[in-house]
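**Student:** Let me give you the structure first, and then I'll get to my questions.
The values are calculated or read from the model by the stated rules, or taken from the named source; none is laboratory data. Remember, it's a predicted structure, so these values are computed and weren't measured experimentally. Cβ sites come from the backbone with ideal geometry, for glycine too, and all protein chains shown count toward neighbours. Remember, those area values only see protein heavy atoms, side chains included, never the ligands or the DNA or RNA. Shrake-Rupley method; radii C 1.70, N 1.55, O 1.52, S 1.80 Å.
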Amino acid sequence: MQKFLNQYHYISTSRSGNHNVDLAIRRFQRFAGLKVTGKLDLATIDQMKKPRCGLPDDVAGGGRVRRYKTGPKWSKKSLTYFVEYGEDLSQYQQDIIFQKALQFWSDVSGLSFSRASSSSAADIKISFGAATHGGSSERTCAYPFDGQGGVLAHAFFPSDGRAHFDEDEEFTDNTPKGTNLLWVATHEFGHSLGIDHSDVQGAIMYPYYTGYVEGMKLHSDDIAAIQSLYGNVLEFVGLFVFVFFSLLLFLFFTTTFMPCDSCSIIRPYMLSTG
């Protein structure tokens, strides 16, 4: 229990933060949506054992998260990614899943994603590994996985770009069996884009794996988080439309009006009728 509270930052990693175990338990219970007792009851222990993301919840500083929370963001909106494939699904299936997971985020923001030719050239570096792990172009990750169950995956905030999936898990697609790769990937890519954990149950960025959900989509909390970082896709489209029509108007006036031969005024260009 103490290890869990330390690992997920309910007990502070700094001297100035919280080091009281009872307070840490209360903050964990509040974040997880449990009855807040400050006691290590069965519901609390059961929640601690559930599969989840490996990133900390960072609530040791005090207070409730209150919906989404964000960290650093990318300084650009066109990002690249590279996949070092896992063993459970075909490469084709993984390509479709990762593309769909990224599209969840791009559909509601001004972001776009394309494939990179190598891991070293990519912004987001996707890889699978068990226990001590790390992608082919990366240093060994400082956060080893813990075997099946427990931590399913973790990803790092911009502009690190690493997204690691535990090879000891049984990742699946379109089935309640195993661990749904689409849900885990969508969650981890949220971190890759700068979104922290949310205490909103039902949000993709809630840290605990909620199982296979048919017709999965982003929660309004997730959408608010990504748009707080990168804007609304409608804003991006609106800017494009504004620039497009501004260019059309410029072309219209520069081709429809011609300068007078004998003076500096501008007059409408008239087609000859003779």
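**Student:** Could you grab me the full set of residues in region 135-146 that are closer than 12 Å to Ala163 by Cβ and of a type outside the set (D, E, K, R)?
**Tutor:** Our first condition is that a residue be closer than 12 Å to Ala163 by Cβ; within region 135-146, this holds for 135, 138, 141.
The answer is Gly135, Cys141.
**Student:** Just need a number here: residues in region 207-233 that are among the hydroxyl-bearing types (Ser, Thr, Tyr), surrounded by 19 or more Cβ atoms within 10 Å (Cβ to Cβ) and more than 19 Å from Phe98 (Cα to Cα).
**Tutor:** Here is the first cut: in region 207-233, the ones among the hydroxyl-bearing types (Ser, Thr, Tyr) are 208-210, 212, 220, 228, 230.
In the following step, the residues that additionally are surrounded by 19 or more Cβ atoms within 10 Å (Cβ to Cβ) were identified as 209, 230.
Of the ones still in play, those that are also more than 19 Å from Phe98 (Cα to Cα) are 230.
Selection size over region 207-233: 1.
**Student:** Residue by residue through region 63-80, note down the ones that are of a type outside the set (Gly, Ala, Ser) and over 13 Å from the mean Cα position of the chain (by Cα).
**Tutor:** Result: Arg64, Val65, Arg66, Arg67, Lys76, Lys77, Thr80.
**Student:** Moving on. Just a yes or no: is a residue in region 72-84 of a type in the set (A, V, I, L, M, F, W, C), open to solvent by less than 60 Å² (accessible area, probe 1.4 Å), over 29 Å from Ala185 (Cβ atoms) and out of contact with any strand residue (DSSP E or B) (no Cβ under 9 Å at 6 or more places or on another chain)?
**Tutor:** Step one: of region 72-84, the residues of a type in the set (A, V, I, L, M, F, W, C) are 74, 79, 82-83.
Still in the running and open to solvent by less than 60 Å² (accessible area, probe 1.4 Å): 74, 79, 82-83.
Checking which are over 29 Å from Ala185 (Cβ atoms) leaves us with none.
No; the residues of region 72-84 include none that is of a type in the set (A, V, I, L, M, F, W, C), open to solvent by less than 60 Å² (accessible area, probe 1.4 Å), over 29 Å from Ala185 (Cβ atoms) and out of contact with any strand residue (DSSP E or B) (no Cβ under 9 Å at 6 or more places or on another chain).
**Student:** Still on this structure, I have one more. Which residues, taken from region 148-186, are open to solvent by 30 Å² or more (accessible area, probe 1.4 Å), touching a strand residue (DSSP E or B) at 6+ places or on another chain (Cβ under 8 Å) and among the basic types (Lys, Arg)?
**Tutor:** Answer for region 148-186, where residues must be open to solvent by 30 Å² or more (accessible area, probe 1.4 Å), touching a strand residue (DSSP E or B) at 6+ places or on another chain (Cβ under 8 Å) and among the basic types (Lys, Arg): there is none.
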